[in-house]
Every structure is written in C-alpha cells, then in structure tokens.
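Below: one structure, written as structure tokens.
The values are calculated or read from the model by the stated rules, or taken from the named source; none is laboratory data. Fair warning: this is a prediction, and the values are worked out from it, not measured in the lab. Reconstructed Cβ throughout: ideal geometry from the backbone, glycine too, with neighbour counts over all protein chains shown. With ligands, DNA and RNA removed, areas are computed over all heavy atoms of the protein, side chains included. Shrake-Rupley method; radii C 1.70, N 1.55, O 1.52, S 1.80 Å.
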Amino acid sequence: MNIPFLDLGAAYRELQPEIDAAVARTLASGYYIGGPEVEAFEDEFATYCGASHAVGVANGLDALHLTLRAMGVGPGDEVIVPSNTYIATWLAVSQCGATPVAVEPNERTYNIDPELIEAAITPRTRIIMPVHLYGQPADMDPILAIARKHGLRVLEDGAQAHGARYKGQRLGAHGDAVAWSFYPGKNLGAMGDGGAITTNDAQLADRLRVLRNYGSRVKYVNEVQGYNSRLDPLQAAILRVKLAHLDEWNARRQTIAARYQAAFELVITSKARQSTARTVLPYVPAWASPVWHLFVIRTPQRDALQQHLTEASIGSLIHYPIPPHLQQAYAAMGHKPGSFPIAEAIADEVLSLPIGPHLAATDTDAVIEAMERFQHA
Ligand SMILES: *Cc1c(COP(=O)(O)O)cnc(C)c1O
C-alpha cells in the first residue's frame, strides 16, 4: 500500500465529466484571454468570499505583489510579514523594492503573533501581511486594531485558506484585501497556475485590473507601467467547477483532521508518553474554523518520524524546512540562525501528514496505525 501525500489525479477523476465539459466550452468560446469564464469566476469567487470584488491574476505571488503595488508600496517602505511562512509572502514585498520585516508566530497557532507586531512598527511601516498558514485563520481582530491605530493597511495571504472562517465569517474581506493562490495543491486548485485578490475597496480593485493588464484600461493607452498577469480562461472555467465543490471537499479534510486529532490525542496521552518526547498536535482557537490545507504536527523526533512513515510508504512533507530569513535569497539582509528562534524551531520540528479530499478512510487508518507504531517503538 502506497499513500501519497496528496493525490491530485483523484480530484480530476471525481469531477472529470464536469471539468472536461468546462474545458471544451472554453475552447469553443473563442475567448483565450479574459472573457466570460474569467468574469464569471471572479463574480462567483467574490460572492463565495463575501467580498465586493475579485480580480483574477496569473498566480498567488502576483496576487500579493500586485496588491502591494496597488497600495503604493515601494523602495524605502517596510512591510510586516510572518517569520513563519512560505517565501512567497516575503518575495512579494522584495519585488516592490520594499523591506520585509519579520514578526515571530504564536507557538500554538503557528500564525503571526499579534502581541509582537507593534514592536516591529517603524515610521516606514506601510502594511501588515498576516498569512492564514496551513488553512488556519490568523487572529485578525487584534491585527486590524493595530493597523487602524497606526494608519496601516492589511493584506492577507489566503493562499492556504480558501473557505476558512474567522469568528464565523469567511476569509475574503477582513483586511483591506486578501491574496489567493490557485496552485494545483491548494484547497481550491486550478490545473496550472492561477491567483486572485478579493477586496471591498473598489478603487483598489480598479487599480489591480489596470496593473494586471499592462497598466492599461483602454487598449494601447497605458496609464502606468503595469504587468502581464492574467487568470487563464481555461483555469477560470476549471475553478468554477471546483468552487462548487469546495465546501464539501473542505468538510472531508475536516473529517480526516478530526480523526487524526482524536487518535493522536489518545496515543500521546498513553503510557508511551513517558518514553517519547512531546508531540504537539494542531491547536484550533475557539474563533477559528480552519480548512486543513495541511495537518501539521510538531515533534523533536521529526526526522525519525518522517523516516518511519517513508518506510511504511506514507508520504509526508515539511512546511517549511528553511524559514525565509535563513534562505540564501535573503542572505544580504544579514539575518543569522537565532534571529527568529520560534520560526527556526518550528522549521526543525514540523511534519505535515497526508490530508486531502481524496484520502480514503482506510488510508487515514493506515496513517494512524503507523503513528501509533512510532509512538510505541
Ligand atoms: C502557495 C503560496 C503562495 C504562492 O502561490 P503561487 O500561486 O504558487 O504563486 C503564497 N503564499 C503562501 C502562503 C502559499 O502557500
């Protein structure tokens, strides 16, 4: 038995007739850039997120970068980012010529710690960028309160959290804007690259529509030096199909996460606990309805556990093995090991277990059994 970390082929097989029809319809439409599929997806995704506007772009990194540009971020500006995130969050800031200023996560939620944000604010700070990491919403209310107090804007990185709720409200318009990725492995994934921004700010949405299209509103009239960053109509048509299944697929992830939680709690509170180092399970605050993009456990025996799972033919991944501040790409910033010790400890100890809408119940059982064998070894 082989249990892959994520089975994207199974997602296609479940929806094949619908997806094939959407692709055929788009090919026959004659619209290969923009057009009705992109517009329809933007409308449907905005409605789903409870936001007034959605703007499709080429990928999640562009969604972040273009929004920072549209907010006027440039050289000399500082943007507050989590130390514990995928590097795209930081790169979007760097691409504007601005400086990413990292803030450590809360150890229980892995998301940016609102209590540490104010100490990182300087006269150059323009934006706070929380990331809803692993599909768990960041604690938005204190972040928004700090932003209001200091006159900052908030751009959320929602790449891992399509459908997640904060205090009952779907992510999409808590801050000034949310940037989304439709990379195939995300909860709402295309069959190629894709991204979008949702916002209630009509002016910001308008600027984004101009920026993504060469800085042009009227053909061959260029107001600003823009970009070529479009959501492909084929991907939009596929995303429309998948959006209709997102809640159901997130619910399946929720079922798997609940089974993991219940089983692992038993394992780590059993007698094995004395003989094995502490294993930390995901923590869900009362205000959070996560969508389990990843099921991340933390243990000092991470490498041995991953080896054990590999030997049992169970896929697992580390999100992420090297935090952005220690990447060679950011060597010039002068961060050292120890600069952000919480992010570094997380990078050394986290492991993501298989989870997804197509992980069979028998496979979930097999992962649980393999975990039990490891804890009792
Ligand atoms: C996937 C991801 C991105 C980037 O998305 P792409 O579509 O791959 O450009 C940005 N931020 C986070 C947190 C992500 O997980």
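Data overview
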read-out: Net charge over other residues, Cβ less than 12 angstrom from the Cβ of Y166 (K, R count +1; D, E count -1); value: 0
read-out: Accessible area per residue in Å² at 1.4 Å probe, computed on the chain; value: 42
read-out: Farthest toward positive dipole pole in the chain [+1 Lys/Arg, -1 Asp/Glu at C-beta], among A147, Y134, A161; value: A147
read-out: Dipole axis of the stretch 1-70 (+1 Lys, Arg; -1 Asp, Glu on Cβ), positive-most option in H53, L66, L6; value: L66
read-out: Mean Cα-pair separation over length for the stretch 205-272, i.e. relative contact order, pairs under 8 Å, 6 or more apart, %; value: 18
read-out: Label-to-label distance, nm, for residues given as Y283 and K167 (7 Å Cα→Cβ offset); value: 2.0
read-out: Residues with amide H under 5 Å from that of V103, placed H, sequence gap 5 or more; value: V81, S83
read-out: Rounded to 5, percent antiparallel among DSSP beta bridges of the chain; value: 60
read-out: Over the chain: helical MRE at 222 nm, DSSP H runs n ≥ 4 each giving -39500 (n - 2.57), nearest 500; value: -12500 deg cm²/dmol
read-out: Sparsely packed GluC sites (Glu not before Pro) within the stretch 96-163, loop by DSSP, other Cβ within 10 Å at most 16; value: E107
read-out: For V57, residues with placed amide H under 5 Å, excluding near neighbours; value: G195, A196, I197, L231
read-out: Karplus 3J(HN,Hα) series, Hz, for the stretch 237-244 with 6.51 cos²θ - 1.76 cosθ + 1.60 (x for Gly, Pro); value: 5, 5, 5, 4, 4, 6, 4, 5
read-out: Backbone HN-Hα couplings from phi across the stretch 117-125 [Karplus 6.51/-1.76/1.60, Hz, Gly and Pro as x]; value: 6, 4, 5, 8, 7, 10, x, 8, 5
read-out: 5 angstrom amide H check on L188, placed H, neighbours 5+ away; value: H162
read-out: Relative contact order of the stretch 123-270, defined on C-alpha pairs under 8 angstrom at six or more residues apart (%); value: 15
read-out: Relative packing of peptides 41-47, 11-17, 248-254, 135-141 - highest average C-beta neighbours within 10 Å first; value: 135-141, 41-47, 248-254, 11-17
read-out: Charge dipole (debye, nearest 20) of the stretch 97-163; +1 at Cβ of Lys and Arg, -1 at Cβ of Asp and Glu; value: 360
read-out: Bins of 10 Å, starting at 0 and running to the largest distance - Cα pair percent for the chain; value: 5, 23, 32, 25, 12, 3, 0, 0
read-out: Radius 10 Å from Cβ of I33, net charge of other residues (Lys, Arg +1; Asp, Glu -1); value: 0
read-out: Neighbour-limited loop hits for chymotrypsin sites (Phe, Trp or Tyr not before Pro), the stretch 147-240 (at most 11 other Cβ within 10 Å; DSSP other than H, G, I, E, B); value: Y220
read-out: Fully extended contour minus Cα-Cα distance, from E44 to E115, at 0.36 nm per residue; value: 22.0 nm
read-out: Nitroxide proxy distance, nm - points 7 Å out along Cα→Cβ at D303 and Q327; value: 2.3
read-out: Rounded, prolate or oblate (a/c below 1.5 giving rounded, otherwise prolate when a/b exceeds b/c) for the stretch 221-352 by Cα gyration tensor; value: oblate
read-out: Rounded to the nearest 20 debye, dipole of the chain from Cβ charges on Lys, Arg, Asp, Glu; value: 360
read-out: Computed lengthening from R108 to S29, 0.36 nm per intervening residue step minus Cα-Cα distance; value: 23.5 nm
read-out: In Hz, Karplus ³J(HN,Hα) per residue of the stretch 6-15 (6.51, -1.76, 1.60; θ = phi - 60°; x = Gly, Pro); value: 8, 10, 6, x, 5, 5, 5, 4, 5, 10
